[in-house]
Amino acid sequence: MDGLKGLLRHVRAYVLLQRIVGADRLRYRCIEEIQPGDTVLDIGCGPAYYFPRLPQPLNYHGFDTDAPYIDWAEERFGGENASFHCGNFDEAAARSLPPIDVVLLLGLLHHLSDEQCTQLLNLAASVLGPGGRVISVDTCFEPTQGRISRWMSANDRGEYVREPAAFEKLALQSFGQVEGNVINDATHVPSSYWMMRMTEPNRLRAE
Ligand SMILES: C[S@@+](CC[C@H](N)C(=O)[O-])C[C@H]1O[C@@H](n2cnc3c(N)ncnc32)[C@H](O)[C@@H]1O
């Protein structure tokens, strides 16, 4: 398992495995929320291999701490309306952005501690423009999952795979409205994911 986790640091291997297990289909469901003309912030974008499926026109800002992922994405998808930044998404980065319609947190929160999630969700809330929403999806533990799915959750690279209620509790600290659902039919290998749609940010954007 450690070998596979190490292999996933290679961009091509990561993208290939996402397609083999069907994790790309999970991402495509999440991006259904995006409308043409939206300004999108993708935090923890990785190689953003789903970029070609995003509706156009679009203003896209991707952030990730992993330089090879960002270089790979910039080379393929970077352009006038798509920028990729290497580094933590912090206050300074948040201030540099225009009002955001959709924030994507795809496969990120289960890599972060509760404290890190709270900081990030507050920041995500702070960049939203009117009608803005945050979409997250993460591997989870949930009571209806079978043995293979539970094994997948237990062996995920993320150190903070949680139950839906724990993700929801974190989200409700930053947003007035949180809708969530378990997705367990997206991938080819049995796996359970918790997707959330967060709106009504508690922390309004400072103009
Ligand atoms: C599981 S990958 C998901 C990548 C992509 N969103 C996807 O769905 O394929 C999680 C990504 O979050 C990035 N990451 C972890 N902590 C981060 C942070 N604090 N700020 C930005 N990116 C972070 C990692 O480098 C990694 O690429």
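Just the number, please: percent antiparallel of the DSSP beta bridges in segment 2-201, rounded to the nearest 5.
Numbers: 15 of 35 bridges.
Around 45 percent of the beta bridges assigned by DSSP in segment 2-201 are antiparallel ones.
I need 54, 16, 120, 97 ordered by Cβ neighbour count within 10 Å, fewest first. All intermediate terms of the calculation are to be shown ahead of the outcome.
Numbers: 54 20, 16 14, 120 24, 97 17.
Starting with the residue having the fewest Cβ neighbours, the order is 16, 97, 54, 120.
Once phi is turned into θ = phi - 60°, what whole-Hz ³J(HN,Hα) does the Karplus curve with 6.51, -1.76 and 1.60 give for every residue of segment 32-38, x standing for Gly and Pro?
For segment 32-38, the Karplus-derived couplings read 4, 5, 8, 10, x, x, 5 Hz, x marking Gly and Pro.
Considering only the other residues whose Cβ falls under 12 Å of the Cβ of residue 64, what net charge follows from Lys and Arg at +1 and Asp and Glu at -1? It would help to have the intermediate numbers written out before the result.
Numbers: positive: none; negative: 42, 66, 71, 74.
Taking every Cβ under 12 Å from that of residue 64, the sum is -4.
Could you list 195, 152 so that the one with the fewest beta carbons within 10 Å of its beta carbon is first and the one with the most is last? Don't jump to the answer; show the numbers that get you there.
Values: 195 22, 152 19.
With the fewest neighbours first, 195, 152 line up as 152, 195.
For the residue pair residue 189 and residue 95, what label-to-label distance in nm results when each label sits 7 Å from Cα along the Cα-to-beta-carbon direction?
It works out to 4.3 nm between the two label points.
So who's got an amide H within less than 5 Å of the one on residue 85, skipping anything under 5 residues away but keeping other chains? H placed 1.01 Å off N, in plane.
Amide H to amide H, under 5 Å and 5 or more residues apart or across chains, residue 85 pairs with 62, 63, 64.
Which one of 108, 37, 98 has its Cα pushed farthest toward the positive end of the charge dipole of segment 28-122, where Lys and Arg give +1 and Asp and Glu give -1 at the Cβ?
Value: 37.
Once the convex hull of the alpha carbons of the chain is built, what does its volume come to per residue, in cubic angstrom? Walk me through the intermediate numbers first.
Values: hull volume 22.7 nm³, N = 207.
Convex hull volume per residue, Cα atoms: 110 Å³.
In segment 112-136, which residues have a backbone nitrogen under 15 Å from the label point lying 7 Å from residue 66's Cα in the Cα-to-Cβ direction?
Hits in segment 112-136 for residue 66 at 15 Å: 112.
Are there GluC sites (Glu not before Pro) in segment 132-197 that DSSP marks as loop and that have at most 11 other Cβ atoms within 10 Å, and which are they?
Numbers: sites: 159, 168, 179; in loops: 159.
Hits after loop and neighbour filter: 159.
Since every read-out is calculated from the coordinates, none of them should be taken as a lab result. Owing to the predicted nature of the structure, the values given are computational and were not obtained by experimental measurement. Every residue, glycine among them, receives a Cβ derived from its backbone with ideal geometry; neighbour counts consider all protein chains shown.
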